[in-house]
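Engineer: Here's a structure for you.
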Amino acid sequence: MRTQVVIVGGGPSGLLLSQLLYTRGIDSIVLERKTRDYVLGRIRAGVLEQGMMNLMAEAGVDARMRSEGIPHHGTLLAHNDTLFRIDFTKHTGTPVMVYGQTEVTRDLYDARAVWGGLTEFEVDGVEIHDFDRDAPFVTYHVRGGARRIDCDFVAGCDGFHGVSRASIPKTVRREYEKIYPFGWFGVLSETPPVAEELIYANSDRGFALCSMRNPQLSRYYIQCSISDKPEAWSDDTFWSELKRRIPCQHADQLVTGPSIEKSIAPLRSFVTEPMRWGRLFLCGDAAHIVPPTGAKGLNTAASDVHYLFEGLTRHYIDKDDKGLARYSEKALARVWKAERFSWWFSSIMHRFPDQSDFDLKMQRAELDVLRTSDAAQKALAENYVGLPY
Ligand code: RFL
Ligand code: PHB
């Protein structure tokens with residue numbers, strides 16, 4: 001088989017890239033390790049930046065997002081019972097969109113089915129060959145048979161545990177990492193959200209986040225120990241802990257119900273450099289991870305896709321390789337700013353095991369500056385709605 005771009009990974013980065021390439025007549029094949037249902041069953045991101053919304057529109061997959069997504073013009077921040085609001089639209093002119101990653105992925109798979117885009121599901125043993133030369137190819141196994149696809153480029157969109165990043169020689173790869181000493185325990189429940197906007201809460205008992213997917217579906221998180229197991233938390237224990245971490249006016253109004261999904265996510269900041277080696281380009285979680293505070297993961301994957309799409313379009317349509325040559329540099333410049341924001345927002349919102357009284361006072365002062373300073377609120381808003389591409 002032959003195609004122009006092999007895309008390893010059928011998560012949001014890989015699907016969005018493939019869809020955008022299709023709009024310009026550039027061929028691609030997506031290789032996905034899991035089944036479509038498995039990919040669609042993963043509950044992850046919930047907040048889209050304007051840049052991601054624009055890409056969905058450019059890819060022609062924004063209709064449902066426009067009708068079912070919920071624009072959010074601000075967010076609430078709480079420090080114990082002190083609550084204040086950051087107004088995104090006032091400070092930046094731009095809201096964010098609450099629309100789940102599951103829905104984004106479903107829209108992309110549905111659009112793909114219409115034009116007959118090839119996705120190989122349940123592939124195994126993907127290997128990327130000769131990407132430091134002119135004629136790369138990818139081999140894998142599917143349905144018991146060995147396959148080979150020859151191509152011009154490979155997009156490594158296979159997430160943090162994929163094979164693409166590891167294919168870049170260790171001698172040229174530099175990795176930067178910070179692991180946080182806690183996780184987020186997330187619960188999805190068919191209950192109305194506790195507030196119209198998200199609440200990020202720093203409480204003496206640890207962080208909590210009240211988010212949502214739609215008016216009947218809520219997503220809540222609480223900071224937990226990395227060694228916790230979701231099964232060990234009963235629904236009742238979760239709800240009572242959440243109530244103790246959010247301002248009392250919201251705790252009193254919280255509608256509880258059975259959880260329909262429970263999971264624990266570790267928190268990590270991670271970047272690999274460079275994001276390109278020869279004809280292999282890394283996108284999204286394959287190249288970087290942020291802690292979820294600030295909702296930057298999927299959105300940073302989207303900006304990578306934008307830069308790669310731009311580079312590939314210039315290569316195939318304008319016969320100009322400057323975009324591809326600068327891919328890593330351009331993507332990383334934006335990635336590091338999202339890393340900074342997610343790290344900073346995480347550091348002011350969580351309880352850390354070794355936090356001294358001085359550190360606690362600093363957190364309190366940070367939150368007080370945010371509560372009282374228009375300039376500080378503008379800086380948070382600019383980063384939250386997404387820095388320009
Ligand atoms: P994904 O989604 O991990 O998809 C990679 C795909 O590659 C497949 N794969 C392979 N396929 C073939 N061969 C191999 N060897 C393969 N190895 C892996 C995998 O099966 C998978 O289908 O990466 P991608 O596409 O780069 O997308 C990244 C996002 O999923 C991620 O950044 C976000 O979910 C992060 N994130 C959030 N981001 C936001 O922008 N806003 C949010 O509100 C937000 N909330 C979150 C989040 C992540 C969370 N968790 C669970 C880590 C909340 C949580 C709790
Ligand atoms: C979510 O709704 O899953 C979500 C929202 C905001 C975040 C992280 C996760 O910062």
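The values are calculated or read from the model by the stated rules, or taken from the named source; none is laboratory data. Remember, it's a predicted structure, so these values are computed and weren't measured experimentally. Here Cβ is always computed from backbone atoms with ideal geometry, including for glycine, and neighbour counts include all displayed protein chains. These accessible areas exclude ligands, DNA and RNA; they are computed on the full protein's heavy atoms, side chains included. Shrake-Rupley method; radii C 1.70, N 1.55, O 1.52, S 1.80 Å.
Engineer: Within the stretch 181-195, track down each residue that is farther than 18 Å from TRP239 by Cβ and either open to solvent by less than 10 Å² (accessible area, probe 1.4 Å) or without any contact (Cβ under 8 Å) to a residue 24 or more places away in the chain (or both).
Structural biologist: Once the filter is applied, which keeps residues that are farther than 18 Å from TRP239 by Cβ and either open to solvent by less than 10 Å² (accessible area, probe 1.4 Å) or without any contact (Cβ under 8 Å) to a residue 24 or more places away in the chain (or both), the stretch 181-195 yields PHE182, GLY183.
Engineer: State yes or no: is VAL255 aliphatic (A, V, I, L, M), open to solvent by 50 Å² or more (accessible area, probe 1.4 Å) and at pLDDT 95 or above?
Structural biologist: Yes.
Engineer: Only one of these conditions is not met by GLU310: (1) open to solvent by 10 Å² or more (accessible area, probe 1.4 Å); (2) near ligand 1 (Cβ under 10 Å from one of its atoms); (3) of a type in the set (Asp, Glu). Which number is it?
Structural biologist: (2)
Engineer: With the condition kept exactly as written, say whether any residue in the stretch 161-169 is more than 16 Å from ligand 2 (Cβ to nearest atom), out of contact with any strand residue (DSSP E or B) (no Cβ under 7 Å at 6 or more places or on another chain), closer than 24 Å to VAL305 by Cβ and not hydroxyl-bearing (Ser, Thr, Tyr).
Structural biologist: yes
Engineer: Which of the residues spanning the stretch 96-120 are open to solvent by 30 Å² or more (accessible area, probe 1.4 Å) and under 22 Å from the mean Cα position of the chain (by Cα)?
Structural biologist: Correct list: GLU103, ARG106, ASP110.
Engineer: Okay, next question. For the stretch 48-58, state whether one or more residues are crowded, with 19+ Cβ neighbours inside 10 Å, within 16 Å of ligand 1 (Cβ to nearest atom) and within 30 Å of GLN249 (Cα to Cα).
Structural biologist: Yes: one or more hits.
Engineer: Might you let me know whether the stretch 237-244 holds any residue that is within 16 Å of ligand 2 (Cβ to nearest atom), open to solvent by 10 Å² or more (accessible area, probe 1.4 Å), farther than 27 Å from GLY51 by Cβ and among the small types (Gly, Ala, Ser)?
Structural biologist: Checked the stretch 237-244: no residue is within 16 Å of ligand 2 (Cβ to nearest atom), open to solvent by 10 Å² or more (accessible area, probe 1.4 Å), farther than 27 Å from GLY51 by Cβ and among the small types (Gly, Ala, Ser).
Engineer: Looking at the stretch 123-164 only, could you name the residues that are more than 23 Å from the chain's Cα centre (by Cα), open to solvent by less than 30 Å² (accessible area, probe 1.4 Å), more than 25 Å from THR313 (Cα to Cα) and not hydroxyl-bearing (Ser, Thr, Tyr)?
Structural biologist: Those that are more than 23 Å from the chain's Cα centre (by Cα), open to solvent by less than 30 Å² (accessible area, probe 1.4 Å), more than 25 Å from THR313 (Cα to Cα) and not hydroxyl-bearing (Ser, Thr, Tyr): VAL123, VAL126, VAL142, GLY145.
Engineer: Separate question: Of the residues GLU127, GLU122, GLU177, GLU103, which single one is touching a residue at least 24 places away in the same chain (Cβ under 8 Å), outside any helix (DSSP H, G or I) and farther than 17 Å from GLY9 by Cα?
Structural biologist: GLU177
Engineer: Using the structure shown, decide if HIS91 is farther than 19 Å from SER303 by Cβ and either among the hydroxyl-bearing types (Ser, Thr, Tyr) or touching a Ser or Thr at 6+ places or on another chain (Cβ under 6 Å) (or both).
Structural biologist: Considered against the rule, which asks whether it is farther than 19 Å from SER303 by Cβ and either among the hydroxyl-bearing types (Ser, Thr, Tyr) or touching a Ser or Thr at 6+ places or on another chain (Cβ under 6 Å) (or both), HIS91 comes out as no.
Engineer: Ok, one more. Need pairs with beta-carbon distance below 9 Å; first residue among the basic types (Lys, Arg) and within the stretch 137-163, second assigned to a loop (DSSP other than H, G, I, E, B) and near ligand 1 (Cβ under 10 Å from one of its atoms); sequence gap 6+ or separate chains.
Structural biologist: ARG143/GLU122; ARG147/VAL123
Engineer: Restricting attention to helices (runs of 4 or more DSSP H) lying wholly within the stretch 271-379, give those where 1 or more residues are more than 23 Å from ALA59 (Cα to Cα).
Structural biologist: Qualifying helices (runs of 4 or more DSSP H): 322-325, 327-349, 357-372.
Engineer: Being over 24 Å from the mean Cα position of the chain (by Cα) and within 30 Å of ALA331 (Cα to Cα) narrows it down to one residue among ARG314, ARG276, ARG268, ARG244; which is it?
Structural biologist: Step by step, each of ARG314, ARG276, ARG268, ARG244 is checked, and only ARG314 is over 24 Å from the mean Cα position of the chain (by Cα) and within 30 Å of ALA331 (Cα to Cα).
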